[in-house]
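Notes to accompany the following structure.
The values are calculated or read from the model by the stated rules, or taken from the named source; none is laboratory data. Keep in mind the model is a prediction, meaning the values are calculated, not measured. Note: ideal-geometry Cβ built from the backbone for every residue, glycine included; neighbour counts use all protein chains shown.
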Amino acid sequence: MSAASPATAHVPPAPRHVSAFRVFQALLMRDLSVARREVISFLLRTTFQPLLFVVVFGYLLPRMGFMQRGYGAALLPGILGVSLAFASLQSVTLPMVMDFGWTKEIEDRLLAPVPTWLVAFEKVVSGIIQGVFAALFVLPIARLIMGPIDALTVSHAGALLAVTVLGAATFSTLGLVLGTAVEAQQIGLMFSVILAPMLMFGCAYYPWRGLDHLPVMKYGVLINPLVYVAEGLRAVLTPSLPHMPLAVVLVMLTVFTAGLWWLGLKTFMKKAVG
């Protein structure tokens, strides 16, 4: 049999072009699938401590007479803010530390046919989704533990969505900064030196307006992004109680998100090419 002519020889098909959006979608779905398989450990890691605060400060102490029952209205939005913030932060920080440090899995992602910045953006979006999920998980449980809260309302759905997404975005981008700037050996120190003070001075367990008689502290805590998450949730969930103006909250969360994204992208790109 004669050899095939050049005209009839088999030519392999040209590789099919895959859009950057499809690659981004695949990376995101992979991260969410991993999170779904580890949902129990994720919820224990991000919501167990806030729910313990609900049990002690929202249920036990008011019924023992050590705290006013109205304290629950100020506490619940703060607890949601803590769950939202730290779920978003940990969902980005811990994978970044592992990917760049131990597993080197980030190298596979950097070979994907997408701009390098899109890999970092996918991690941030994944953190936002997981943070919102943690807050939605905590809200009904905390409300059930505390009992009736007269000032609580969920009628401002649009504002609630805006605060929740912006708050999660702020802490996801902060997670990108910490995950690419902190070495794996220092991750424990980061939680002690950075996150513990942020939690204590983030107006999560007390309202910002409660600091009116402590002006130095009242304005000093404004560098803490958790303040705006907690106060934003108070503004939309308990609007009849004193809170920071919602417009200020939305503007500051937007500024924090933009600034932290810029800084996090710089540290990510530096580490990716280093």
Test set (1) over 17 Å from L263 (Cβ atoms); (2) buried (at least 24 other Cβ atoms within 10 Å of the Cβ) - F191 fails condition number: (2)
Please go through segment 246-274 and pick out each residue that is of a type outside the set (S, T, Y), within 19 Å of the chain's Cα centre (by Cα) and either under 18 Å from Y206 (Cβ atoms) or buried (at least 17 other Cβ atoms within 10 Å of the Cβ) (or both). V249, L250, M252, L253, F256, L260, W261, G264, L265, F268
Just checking, which of V163, V182, V177, V216 is out of contact with any strand residue (DSSP E or B) (no Cβ under 6 Å at 6 or more places or on another chain), of a type in the set (V, I, T) and free of Cβ contacts under 8 Å to residues at least 40 places away in the same chain? V216
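Test V124 against the stated conditions and say whether it is modelled with pLDDT of 95 or more, within 28 Å of F57 (Cα to Cα) and hydrophobic (A, V, I, L, M, F, W, C).
Numbers: modelled with pLDDT of 95 or more: yes; within 28 Å of F57 (Cα to Cα): no; hydrophobic (A, V, I, L, M, F, W, C): yes.
No, not satisfied.
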For H243: the one exception among (1) within 20 Å of the chain's Cα centre (by Cα); (2) surrounded by 19 or more Cβ atoms within 10 Å (Cβ to Cβ): (1)
Whichever residue in segment 37-89 is within 20 Å of P140 (Cβ to Cβ) and basic (K, R) and, among such residues, is modelled with the highest pLDDT: R45
Unmet criterion (only one of (1) touching a Phe, Trp or Tyr at 6+ places or on another chain (Cβ under 8 Å); (2) modelled with pLDDT of 95 or more) for M269: (2)
Residue check, F21 among the aromatic types (F, W, Y), without any contact (Cβ under 8 Å) to a residue 24 or more places away in the chain, surrounded by fewer than 18 Cβ atoms within 10 Å (Cβ to Cβ) and part of a helix (DSSP H, G or I): yes
Condition set within 21 Å of the chain's Cα centre (by Cα) and surrounded by fewer than 12 Cβ atoms within 10 Å (Cβ to Cβ), scope segment 155-167, selection farthest from R63 (Cα to Cα): answer is G158
Which count do you get for residues in segment 60-84 that are surrounded by fewer than 16 Cβ atoms within 10 Å (Cβ to Cβ), of a type outside the set (A, V, I, L, M) and over 22 Å from A235 (Cβ atoms)? 3
